[in-house]
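*Asks:* I am attaching a structure below and will ask some questions about it afterwards.
The values are calculated or read from the model by the stated rules, or taken from the named source; none is laboratory data. Fair warning: this is a prediction, and the values are worked out from it, not measured in the lab. Every residue, glycine as well, gets a Cβ built from its backbone with ideal geometry; the counts of neighbours run over all protein chains shown.
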Amino acid sequence: MSYGGHDDDHHDHQHSHWGPHDWNHGHGGAPHNSWAPLMLAFGSSFFLLGFTKVFTQTWDDSADIWTYAIHSSEVGLLIAGLAIFFAGITVFWRQDWSHDGSYEAKSEGAPFRTIDIRKVAVWMFLMSEMMVFTSLFSTYLRYRTGIENCETLYASGVFTEGQACWLPASYFIAEGGFHQEHAHAALGFMPDTLIPGAINTFALIISSYTIVLALKTAKDASLSDAERNSKVGKYLLATLGLATLFLIFKMVEWFIGFEIGHGEDALFHSPSLLADGFTIHASEYTYCHEWDHHGGEDHAGACAAGASAIFDIRMSASTFYVTTGTHGVHVLGGMVALFYMVIKAFRGGYTPQNAVSIEYFGLYWHFVDLVWVLVFPAFYLY
């Protein structure tokens, strides 16, 4: 009897509701149950728990600053988590590398009957991810509507120094922040501070298209093996490159900033959010309500006398960094998967019979792109 393209006379298979099982762990047989998902889950959990124990911060009342500490005695859990996580990746890659697509286990339970189990797993994972980002967005909306805006608070004239208020990220990005009165706009229609976010939006949208092209090409039976391998590999490599570009510009936006030229003659000038004081520790941020128009070049970008106040903007900054940072971690995770997929593609791992793995990854990648399409207007423009 033949099952999934393999002859039972040559392979010791046993049948179960999962399909034929190869007790030799897939050497010429059907896929088997894997420890990889559990290893990845436990590894991630141990790493995050260890991270919170190794790296800590406390408030020093005497110095009125945050102090940081590294507890090397607690590093065991962190290292164990990393080891288990990468062992899980190794197990998954080893099993996936030999899978030729000749057999896909089907779900037998409602409501997913007859659907590929791997597709069910991806959808279940994405539903859990939806809950994560829904909680982040609901927190953002709750704080955004429940905490008084710093600009409104200052205009009311009823406030105290150091009072907590909401200063949105768009104040720094879409309006130029502390420099908004003199914000540089090389493109004319938007400040330079918005350029990294705009580039990232286009990069992720294009990357969704390249992953679709990779899947379409992998399924094209009219191509020769060499041509298919080359094209699929290049499309996946392009997706990886765009994801890398996204994280680079994220670091530029957060920490580095960029400037082409200098001073008034600069072609582009975009200070980082860190340089502008938009940090999770900004309990004493100097909010400027009006800029000095008469102080000459030496006072360009400085507050007018009596037109500033000290506010606590930690809540708005924390909400921004947690949400965009969580999304960035998902992009990084996708890059790890893409790195493996690029190598597999150039070695002929994806064929018309075995292109479904690209489809499943594409579901995840489209989800990551969709989240960013929502994050960008909510945090960068509103």
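*Asks:* From the list PHE339, PHE311, PHE278, PHE249, pick out the single residue that is aromatic (Phe, Trp, Tyr), at pLDDT 80 or above and part of a loop (DSSP other than H, G, I, E, B).
*Replies:* Values: PHE339 fails: part of a loop (DSSP other than H, G, I, E, B); PHE311 fails: part of a loop (DSSP other than H, G, I, E, B); PHE249 fails: part of a loop (DSSP other than H, G, I, E, B).
Exactly one residue qualifies, and that residue is PHE278.
*Asks:* Does the range 33-52 include one or more residues that are at pLDDT below 75 and either over 27 Å from the mean Cα position of the chain (by Cα) or surrounded by 14 or more Cβ atoms within 10 Å (Cβ to Cβ) (or both)?
*Replies:* The answer is yes, given that some residue of the range 33-52 is at pLDDT below 75 and either over 27 Å from the mean Cα position of the chain (by Cα) or surrounded by 14 or more Cβ atoms within 10 Å (Cβ to Cβ) (or both).
*Asks:* If you go through the range 97-104 one residue at a time, do you hit one that is part of a helix (DSSP H, G or I) and at pLDDT below 90?
*Replies:* For the range 97-104, residues part of a helix (DSSP H, G or I) and at pLDDT below 90: present.
*Asks:* Hey, another quick one. Select, from ALA238, ALA221, the only residue that is out of contact with any His (no Cβ under 7 Å at 6 or more places or on another chain), in a loop (DSSP other than H, G, I, E, B), modelled with pLDDT of 85 or more and more than 28 Å from LEU141 (Cα to Cα).
*Replies:* ALA221
*Asks:* Out of all the residues in the range 220-249, which are surrounded by 19 or more Cβ atoms within 10 Å (Cβ to Cβ) and not aliphatic (A, V, I, L, M)?
*Replies:* ARG228, ASN229, GLY233, TYR235, THR239, PHE246, PHE249
*Asks:* Give the residues of the range 342-359 that are assigned to a helix (DSSP H, G or I), crowded, with 18+ Cβ neighbours inside 10 Å and in contact with a helix residue (DSSP H, G or I) (Cβ under 6 Å, 6 or more places away or on another chain), sorted by residue number.
*Replies:* The answer is VAL342, ALA345, ILE358, GLU359.
*Asks:* With the condition kept exactly as written, say whether any residue in the range 118-130 is of a type in the set (S, T, N, Q) and surrounded by 14 or more Cβ atoms within 10 Å (Cβ to Cβ).
*Replies:* Pass one, the range 118-130, residues of a type in the set (S, T, N, Q): 128.
The next check asks that each one be surrounded by 14 or more Cβ atoms within 10 Å (Cβ to Cβ); those that pass are none.
No: zero hits.
*Asks:* If I filter the range 131-175 down to residues being among the β-branched types (Val, Ile, Thr) and not in a helix (DSSP H, G or I), which single residue comes out as surrounded by the most Cβ atoms within 10 Å (Cβ to Cβ)?
*Replies:* Once the filter is applied, the top-ranked residue is ILE147.
*Asks:* Test ALA80 against the criterion of being modelled with pLDDT of 75 or more, small (Gly, Ala, Ser), surrounded by fewer than 17 Cβ atoms within 10 Å (Cβ to Cβ) and in contact with a helix residue (DSSP H, G or I) (Cβ under 6 Å, 6 or more places away or on another chain), and give yes or no.
*Replies:* When the stated conditions are applied, ALA80 passes them.
*Asks:* Looking only at residues that are more than 13 Å from ILE211 (Cβ to Cβ) and among the polar types (S, T, N, Q) in the range 335-365, which one is nearest to the chain's Cα centre (by Cα)?
*Replies:* Here the residue is ASN354.
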